[in-house]
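The values are calculated or read from the model by the stated rules, or taken from the named source; none is laboratory data. Since we're looking at a predicted model, the values are computed, not measured. Because the Cβ atoms are built from the backbone with ideal geometry, glycine has one as well, and the counts that use them run over all protein chains shown.
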Amino acid sequence: MYGAGNIGRGFIGQIFAESGYEVCFIDVADTVIDALNSEGRYPVRILRNGYSEDMRTFGGYEDKWIEKVRAINAKNEEAAAAAIASADIMATAVGVRALPFIAPVIAAGLKKRFAQNAAPLNIIICENLIDANKVLAGLIKEHLSEHEQKIFDEAVGLVEASIGRMVPLQTVEMQDGNPLRVCVEAYGYLPVDRAAFRGDAPSLAGMCPFDKFDFFIKRKLFIHNMGHGICAYLGMIRGNNYIYEAVSQGGILFIAQNAMLESALSLSKKYDMPLGDLQYHIRDLLLRFSNKALGDTCARVGSDTVRKLGNKDRFIGALHCCVEEGINPVFISAGTSAALYCHLNERGIPQNREAAGAALREVSGLEGADAEKILLFYSLLIQSYQNGDFEKRMENIIETALVEGQTPGII
């Protein structure tokens, strides 16, 4: 498991261990590595947001101990490569920006593996990135010979995954006396790309292989991440610290829910998937966003505005998908305006329409009618009122979105 952070320990490490594997983490955090090697296990705390199975208790938590684990310092590239060479299965959860740094080590491990004529290796890629398999393949192949690249194509499966489990930033209170403890939500499904496996796909607890996997990547980004982001950015503007606080405000919930529905409509048309299933998925997500026990912050969910306002990422990518499928993305545009507002805020840029338009061109590459729609809502967002300031802005945004989104011929 390359990456012993929140997703590495709090999700994939748990899945591997519960599937009967010994789990070897590779990471750069000395304290985590030393603790894992000293203890040989760590706890995952499942934070509930509903009734227990026997319907007797609401909320609460359950600790699960993940046994038979060890760790290697990523600085010891020889040891890390040796572990990769002998692994039965592998995963990465290091963050998109770290992929170029781990690719040479993965390549070194694969070289050893190829020399041993070992079985195919499947690498589950747990990074929030469209075409993550292609990106990682390109990075690894830079360190392989032409002959090794041919073996790579035949013997290495780069398996995209959709990481739906929400894991907040871990506080001292969440650690509850054990710095290895990771607090997570109960959701534990791991959709993966069935076609990407080399050899037989392993049987992993919670893993769900799917065809048409591009749909699941887009569903995660354009419904889950986009809706989550809208709650975060509007929450920050409102002055909320936590996502559950933002979702409790009716205007924020209405904008997020309708933006998610716009994405659902476009994805249903694009991939010929049942709209009803997507509507239930949205309802489930909004319930999960409201999990007070999770303590997920608006700052965490709303971090890195440059990436999240990128042309193919959650906001603009969802907008493009809607336009392509004939869906008017008015609520997505309203939510994007909040992300744009926070982007300017964190860079100390004055809040005005001209600055917002320039930032949108620079970060999102967006101009023309699509940009103007976002800037329309941005203009409503920066208006101020003497009384009921935030609520009044939400009312104006929602009213404008409903008018702008009217569909001729609908009775």
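Scanning the stretch 7-64 for residues that are at pLDDT 95 or above, in a loop (DSSP other than H, G, I, E, B) and not acidic (Asp, Glu) gives Ser19, Gly20, Tyr21, Val28, Ala29, Gly40, Arg41.
For the stretch 90-104, what are the residues that are within 19 Å of Gly5 (Cβ to Cβ) and either surrounded by 22 or more Cβ atoms within 10 Å (Cβ to Cβ) or modelled with pLDDT of 95 or more (or both)?
Residues of the stretch 90-104 that are within 19 Å of Gly5 (Cβ to Cβ), as a first pass: 90-103.
Listed by number, the residues that qualify are Met90, Ala91, Thr92, Ala93, Val94, Ala98, Leu99, Pro100, Phe101, Ile102, Ala103.
If you check Ile163 against the conditions, is it in contact (Cβ under 8 Å) with a residue 24 or more places away in the chain, β-branched (Val, Ile, Thr) and not in a strand (DSSP E or B)? Here the answer is yes, as Ile163 does meet what is asked. Taking the criterion of being at pLDDT 95 or above, surrounded by fewer than 17 Cβ atoms within 10 Å (Cβ to Cβ) and charged (D, E, K, R), the only residue of the stretch 310-324 that qualifies is Glu324. Only a single item in (1) under 22 Å from Lys269 (Cα atoms); (2) surrounded by 15 or more Cβ atoms within 10 Å (Cβ to Cβ); (3) more than 26 Å from the chain's Cα centre (by Cα) is not met by Gln406, and it is number (2). Checking each residue in the stretch 113-153 for being within 18 Å of Met1 (Cα to Cα) and among the charged types (D, E, K, R) picks out Arg113, Glu127. Filtering Ser379, Ser333 for residues that are surrounded by fewer than 22 Cβ atoms within 10 Å (Cβ to Cβ) and either touching a helix residue (DSSP H, G or I) at 6+ places or on another chain (Cβ under 7 Å) or part of a helix (DSSP H, G or I) (or both) leaves a single hit, Ser379. Looking across the stretch 168-187, the residues that are surrounded by fewer than 22 Cβ atoms within 10 Å (Cβ to Cβ), among the aliphatic types (A, V, I, L, M) and in contact with a strand residue (DSSP E or B) (Cβ under 8 Å, 6 or more places away or on another chain) come down to Leu169, Met174, Leu180, Ala186.
Give the residue, chosen from Arg219, Arg113, that is charged (D, E, K, R), under 30 Å from Tyr244 (Cβ atoms), part of a helix (DSSP H, G or I) and at pLDDT 95 or above. Working first, answer last.
On the way: Arg113 fails: under 30 Å from Tyr244 (Cβ atoms).
Of Arg219, Arg113, the one residue that is charged (D, E, K, R), under 30 Å from Tyr244 (Cβ atoms), part of a helix (DSSP H, G or I) and at pLDDT 95 or above is Arg219.
Those helices (runs of 4 or more DSSP H) of the stretch 227-309 in which at least 2 residues are more than 18 Å from the chain's Cα centre (by Cα) and either buried (at least 17 other Cβ atoms within 10 Å of the Cβ) or among the basic types (Lys, Arg) (or both), considering only elements entirely within it, cover 243-247, 250-271. Could you identify the single residue in Ala91, Ala115, Ala107 that is within 19 Å of Glu142 (Cα to Cα) and in contact (Cβ under 8 Å) with a residue 24 or more places away in the chain? Unique residue meeting the criteria: Ala107. Counting residues in the stretch 134-152 that are under 19 Å from Gly8 (Cα atoms) and in contact (Cβ under 8 Å) with a residue 40 or more places away in the chain gives one or more.
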